Amino acid sequence: MADHPRILIAGGGTGGHLFPALALGEQILSDKPNSSVYFMGSTFGIEAQVLPVKNLDHTLIPIRGLQRSFSPESIGKNLLLPFRILNSMRKTRRVFNRFHPDVVVGTGGYAAALPLREAVNRKIPVLIQEQNSFPGITTRWFAEKADKICIAFEEAKNHLKKKLYLSRGTRFGKAYRTVIK
């Protein structure tokens with residue numbers, strides 16, 4: 001494991017994704033104070049208000065989740081989605097080029113998808129932390145490509161094909177140490 005691991009934690013949109021990310025970052029820095037922890041989230045999620053106030057190293061990308069209703073407002077947001085994705089991909093690549101993460105942790109939500117994709121493409125170890133009994137879309141998309149998946153509920157296994165689980169009771173520190181070479 002690196003003496004000064006660089007860990008990028010991506011997730012957000014809701015507090016259910018952001019607050020586990022913040023807790024993981026705190027735990028990492030407590031376990032290994034020489035670590036560098038960097039957060040990525042969305043300009044449209046709760047992290048846009050929380051991360052600046054907490055004065056944490058972070059980048060917010062202009063990604064927004066797919067709108068599932070057929071209102072004129074939702075249709076308009078979905079029409080902008082391809083442009084938001086392209087802009088967010090550029091920002092994500094810049095963060096990776098500048099920060100050079102040793103491992104990327106995804107805590108779910110649409111804000112985690114592009115950083116996880118970039119990590120997989122660059123062959124950077126990926127750890128997914130899933131706090132729900134039914135994993136969200138981002139977790140299900142990237143589960144097979146992840147090096148490890150930490151789950152809070154055993155039921156989550158029924159929705160994921162990946163076999164490298166670390167269940168509740170396994171300290172996160174042990175999980176991230178297993179993916180940093």
All but one of (1) modelled with pLDDT of 95 or more; (2) part of a loop (DSSP other than H, G, I, E, B); (3) among the hydroxyl-bearing types (S, T, Y) hold for T92; state the number of the condition that does not hold. (2)
The condition from (1) loosely packed, with under 12 Cβ neighbours inside 10 Å; (2) modelled with pLDDT of 90 or more; (3) not hydrophobic (A, V, I, L, M, F, W, C) that R140 misses is numbered (1)
Contacts under 7 angstrom Cβ, first residue in region 40-59 being without any contact (Cβ under 8 Å) to a residue 40 or more places away in the chain and over 13 Å from G109 (Cβ atoms), partner surrounded by 12 or more Cβ atoms within 10 Å (Cβ to Cβ) and aromatic (F, W, Y), 6 or more apart: L51/F39; L56/F39; D57/Y38; D57/F39; H58/Y38; H58/F39
Picking from K174, K145, K123, the residue that is out of contact with any His (no Cβ under 6 Å at 6 or more places or on another chain) and at pLDDT below 85 would be K174
Could you check, for region 5-18, whether at least one of its residues is closer than 23 Å to E118 by Cβ, hydrophobic (A, V, I, L, M, F, W, C) and surrounded by fewer than 21 Cβ atoms within 10 Å (Cβ to Cβ)? no
Looking across region 111-138 at residues that are over 11 Å from the mean Cα position of the chain (by Cα) and of a type in the set (G, A, S), the single one that is nearest to G13 (Cα to Cα) is G136
Any residue at all in region 47-55 that is more than 17 Å from T138 (Cβ to Cβ) and in contact with a Lys or Arg (Cβ under 9 Å, 6 or more places away or on another chain)? no
Restricting to region 98-142, give me the number of residues that are over 21 Å from T59 (Cβ atoms) and aliphatic (A, V, I, L, M). 1
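Would you point out which residue out of I28, I9 is at pLDDT below 95 and among the hydrophobic types (A, V, I, L, M, F, W, C)?
I28
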Give region 71-86 a look and list any residue that's loosely packed, with under 14 Cβ neighbours inside 10 Å and polar (S, T, N, Q), or say none. S71, S74
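Regarding A48, is this residue touching a Leu at 6+ places or on another chain (Cβ under 6 Å) and under 27 Å from C150 (Cα atoms)?
yes
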Candidate set: region 19-45, residues that are under 19 Å from K91 (Cβ atoms) and aliphatic (A, V, I, L, M); chosen: the one surrounded by the fewest Cβ atoms within 10 Å (Cβ to Cβ): V37
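The values are calculated or read from the model by the stated rules, or taken from the named source; none is laboratory data. All figures in this text were calculated on a predicted structure; none of them were measured in a lab. Ideal geometry is used to build each Cβ from the backbone, glycine not excepted, and the neighbour counts take in all protein chains shown.
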